[in-house]
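Below: the structure, in structure tokens.
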Amino acid sequence: MSARDNILARVRSGLGLPGNVPGAERDKARAYIAEQPRGPRPTYGWSDGVARFCERSEKLGSSVDRVGSLAEVPQAVARYLQSKTLPTSAVIWPVLNALPWAAAGLAVQARSAQDSDLVGITGAFCAVAETGTLMLLSGKDTPATVSLLPETHIALVDVTRIVPGMEEAWALMKAEQGAPPRAVNFVSGPSRTADIEQTIVIGAHGPYRVHVVCYG
Amino acid sequence: MLLTSSSFKRNVRRKLEDPSLQRNMKRFGGRFVEARAAVMTEVDNLEEIRVAAAAIRDRSLANLDSYLMEFEAQAQARGTQVHWAETAQDVNRILIEIARSNGVRKIVKSKSMVSEESGLNDAVAAAGMQAIETDLGEYILQLAEEPPSHIIAPAIHKSVEEVAQLFSEKHHTPRQTDIPALCREAREQLRPHFLSADMGISGGNFLIAETGSVVIVTNEGNGRMVTTLPRIHVAITGIEKVLPTLNDFSTVVRLLTRSATGQSITNYVSMLTGPRREGDQDGPEQSHIILVDSGRSRLLGTELQQALRCIRCGACMNHCPVYQNIGGHAYGWVYPGPIGAVLTPSYVGLENALDLPQASTLCGACQVVCPVKIPLPELMRVLREKSFQQGLRPWHERWSIFLWRTAASHPRLYAGLTRLAVRLLRRLGGKDRLLHRLPGLDGWTEGRDMPAPSGQTFRELYRKRQS
Ligand code: SF4
């Protein structure tokens, strides 16, 4: 017998289940998975999801900006980078390539990120109001490294895609994409560590800064 | 990891007499406790969610084989290779086979407690490969050649001065004691390794049966690096970590991060499903997962099954007065604190960790904070009972219990003996009515005096009151 069969057999006998392979129980497990019941969650004491998202993002150490439309985003990004005296060249998600970046004075490259990239600009599949979290899905036009390697991560969030909780985020993913992509990353503020004397330090291996631009 | 749980008492003595550890544990003190308490005020229905989270974990365990098979089928359908390890040694063997057959030389690791169980880093080094820990705490410990002392804050026992000294010696850099500067130094040391490694190893906080995914819950970003940059990703985790659905995960993670570090959510929650897809510019070309039994299945069907609900938040150790005083190393294996006192004897054999279930006052703090309601004191009591039944307790303890039982089941004898004892003790108490030493129990009187009894037994006093 293989290690797999041995382990599964030990599990079954430990649990006192009859036979070697699950029959009816596996159907029951499948039925539960298909049903996907939602568990209880804290009372959401807010009604304006966008305001909640922005407030929680700032609490996580991100900075937040708000513009009227996607077309205004490059200008807003340029303003942010200048105000922080950060470089005006950036790596961006290919899916954002059509925006007027050059007109805003930004030099962008649409690809996955390299170690030398200092600013990374991504969109977001959606965002979660409860915790101020961005949900990023990997894909050929949305490479995961852009939100990870550069010291500064700028994320563009469509305000119509801010959902109340993580449960709604999963539901949206399944409705629009079916199966999950290679990587789903929920990002909540700049990377941090508290491994030395429990002192929180912003900027561990990932970005030092997360700037969120909400549009729409 | 080297098992030293059998010398627990000696370990404890050493730790209590170690001034720098004592200083560091004092500083550790209540920080996690306060952070947890503060963030829990966001959750108005904490008890309701705890009950739900415990039920979710119970559901997974009650049909563990079904959910594992479901997980396996989904993972394979998305291109993940699923391996099964019966023992800790099997974990090392499987990992090294994957590495060898792919010409791997350098491995970067994010935190995996299961890989500590098997001493993976040593095995990998013996096979001629390099494994580099990248979680800051684990990286510090790898340099210091020490095991972790906490499941989520592994270097909690080290001070900034110790880290500064270590970095300057190992990196050949000027000594600096500024914590952010030390973190940047580690980042700069590790970044090239992320970019040049052939393989990334991660743990897995959860497995999702619905999608065949592994989820990791992290703050530093190193977990994302090791699962994204190298061409091979291997996740190693216990078979008990499976959750049926993404919605179940959403419920459980609300409690996990709050209980662990006092965060509403950690910086990164990453769900990984298979290798890079057609057209993807990043992500590993191969995705593997090693499902580890190594003693876990033995707990199923016993009272100790409840311990498998554990989601490794660390709250039980943060709140444990014993852990707060002795730190994690004294427990002598991978999992310290109350959950370690239950898991270590269960995984490595009760006879090898006999004193761990005794290392508790049964104050109950751990059970009160456990997000999945594991009755830890009760489970420690079960293990105590077992160790007595199996004749594993030392002879003097067994004899004392035998004598006490004999006396207690003969009321006259009991009355006579206690009458004698209280008079004797009163005598020994002298004028200040305090016993400075109790023969055979000097451990107890070492740090305190025992008040001498009044000279009369409870029964005598009771009878007097009645008449
Ligand atoms: S036993 Fe409970 S409190 Fe302790 S680590 Fe596990 S889940 Fe957390």
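Would you work out the relative contact order for chain B, in percent, from Cα pairs under 8 angstrom that are 6 or more residues apart?
Result for chain B is 20 percent.
Only bridges whose two residues both fall in region A:49-215 count here: according to DSSP, what percent of them are antiparallel, nearest 5?
Of those bridges, close to 25 percent are antiparallel.
So which GluC sites (Glu not before Pro) in region B:52-116 are both in a DSSP loop and have at most 11 other Cβ atoms within 10 Å of their Cβ?
Passing sites in region B:52-116 do not exist.
Please give every one of the lysines within straight-line cross-link reach of A:K59, meaning a C-alpha to C-alpha distance under 23 Å, and leave out same-chain neighbours fewer than 8 residues apart.
A:K84
Return one whole number: the accessible area per residue of region A:86-216 in Å², for a 1.4 Å probe.
For region A:86-216, the per-residue accessible area is 28 Å².
Starting from the Kirkwood Rh over alpha-carbon pairs, what translational D in µm² s⁻¹ does region B:139-234 have by Stokes-Einstein at 25 °C and 0.890 mPa s?
Stokes-Einstein gives a translational diffusion coefficient of 162 µm²/s.
Nearest 20 debye, what's the magnitude of the dipole of region B:8-61 about its Cα centre given +1 on Lys and Arg Cβ and -1 on Asp and Glu Cβ?
720 debye
Are there trypsin sites (Lys or Arg not before Pro) in region B:266-300 that DSSP marks as loop and that have at most 16 other Cβ atoms within 10 Å, and which are they?
B:R277
Rounded to a whole number, what % of the accessible area of the protein assembly as shown do carbon and sulfur atoms account for, probe 1.4 Å?
In the protein assembly as shown, the share of accessible area belonging to carbon and sulfur is 53 percent.
Rolling a 1.4 Å sphere over the protein heavy atoms, what is the accessible area per residue of region B:232-317, to the nearest Å²?
Heavy-atom accessible area per residue stands at 19 Å².
Please report, for the Cα atoms of region A:112-209, the Rg to one decimal and the Dmax as a whole number; what are they, in angstrom?
Rg and Dmax of region A:112-209, Cα atoms, are 14.2, 44 Å.
Sequence neighbours fewer than 8 away in the same chain don't count; with that in mind, list the lysines whose C-alpha is under 20 Å from A:K174.
A:K140
Return the percentage of antiparallel bridges among DSSP beta bridges fully within region B:43-294, rounded to the nearest 5 %.
Rounded to the nearest five, the antiparallel share is 25 percent.
Return a whole-number percent for the relative contact order of chain A, with Cα pairs under 8 Å and 6 or more residues apart as the contact set.
Averaging sequence separation for qualifying contacts and normalising by length gives 22 percent for chain A.
Can you tell me what the convex hull of the Cα atoms of region B:395-466 projects to on average, as an area in nm²?
Over all viewing directions, region B:395-466 projects a mean Cα-hull area of 5.8 nm².
DSSP loop (so not H, G, I, E, B), at most 11 other Cβ within 10 Å: list which GluC sites (Glu not before Pro) in region B:275-322 pass both filters.
B:E278
Kindly compute the accessible surface that chains A and B hide from a 1.4 Å probe when together, both sides summed, and give it to the nearest 100 Å².
Buried surface at the A/B interface: approximately 7700 Å².
Starting from the Cα of A:A51, step 7 Å along the direction of its Cβ; do the same at B:R398; then give the gap between the two resulting points in nm.
Computed distance between label sites A:A51 and B:R398 equals 7.1 nm.
Cross-link list B:K26/B:K111; B:K9/B:K386; B:K109/B:K241: which exceed 22 angstrom alpha carbon to alpha carbon?
Long pairs (Cα-Cα over 22 Å): B:K26/B:K111.
Nearest 10 degrees is fine. How inclined is helix B:19-28 to the longest principal axis of chain B, computing both from alpha carbons?
Orientation of helix B:19-28: about 70 degrees from the principal axis.
Helix B:376-389 versus the longest principal axis of chain B: what is the Cα-based angle in degrees, 0 to 90, to the nearest 10?
Approximately 70 degrees, to the nearest ten.
When all C-alpha to C-alpha distances in region B:43-294 are sorted into bins of 10 Å, what percent of pairs does each bin hold, rounded to whole numbers?
7, 30, 35, 21, 6, 0
Based only on Cα atoms, what Rg/Rh ratio does chain B have, Rh being taken as Kirkwood's radius?
1.04
Restricting things to alpha carbons, find the Rg to Rh ratio for the protein assembly as shown using the Kirkwood radius for Rh.
Here Rg/Rh amounts to 1.03.
Determine the calculated [θ] at 222 nm for the protein assembly as shown from helices alone, applying -39500 (n - 2.57) to every DSSP H run no shorter than 4 residues and normalising by the residue count; nearest 500 deg cm²/dmol.
-13000 deg cm²/dmol
In chain B, what cysteines have no partner Cβ closer than 4.7 Å?
Cysteines lacking a close Cβ partner in chain B: B:C183, B:C310, B:C313, B:C320, B:C363, B:C370.
How long are the semi-axes of the equivalent ellipsoid of region B:90-196, taking √(5λ) for every eigenvalue λ of the Cα gyration tensor, in whole Å from largest down?
26, 16, 11
On a 0 to 90 degree scale, rounded to 10, what angle separates helix B:160-171 from the longest Cα axis of chain B?
40 degrees
Send over the per residue convex hull volume for region B:304-389, Cα only, as a whole number of Å³.
80 Å³
How many Å³ per residue does the convex hull of the Cα positions in region A:58-120 occupy?
Per residue, the Cα convex hull of region A:58-120 comes to 105 Å³.
Quick one: dipole size for chain B, taken about the Cα centre, charges +1 on Lys/Arg Cβ and -1 on Asp/Glu Cβ, in debye to the nearest 20.
Value, rounded to 20: 2660 debye.
Would you tell me the accessible area of A:I7, worked out with a 1.4 angstrom probe on the heavy atoms of the protein chains, in Å² to the nearest 10?
0 Å²
Taking the full set of protein chains and a 1.4 angstrom probe, give the accessible area of B:S60 in square angstrom, rounded to the nearest 10.
B:S60 exposes around 0 Å² with every protein chain in place.
Given B:G327, B:V253, B:Q306, which one lies farthest toward the positive end of the charge dipole of region B:222-368, if we put +1 on the Cβ of every Lys and Arg and -1 on the Cβ of every Asp and Glu?
Sorting the options by dipole projection puts first B:V253.
The values are calculated or read from the model by the stated rules, or taken from the named source; none is laboratory data. Here the structure is a predicted model, which is why all the values come from computation and not from measurement. No Cβ is skipped: glycine too gets one built from the backbone with ideal geometry, and neighbour counts run over all protein chains shown. Heads up: the accessible areas ignore ligands, DNA and RNA and are worked out on the full protein's heavy atoms, side chains in. Shrake-Rupley method; radii C 1.70, N 1.55, O 1.52, S 1.80 Å.
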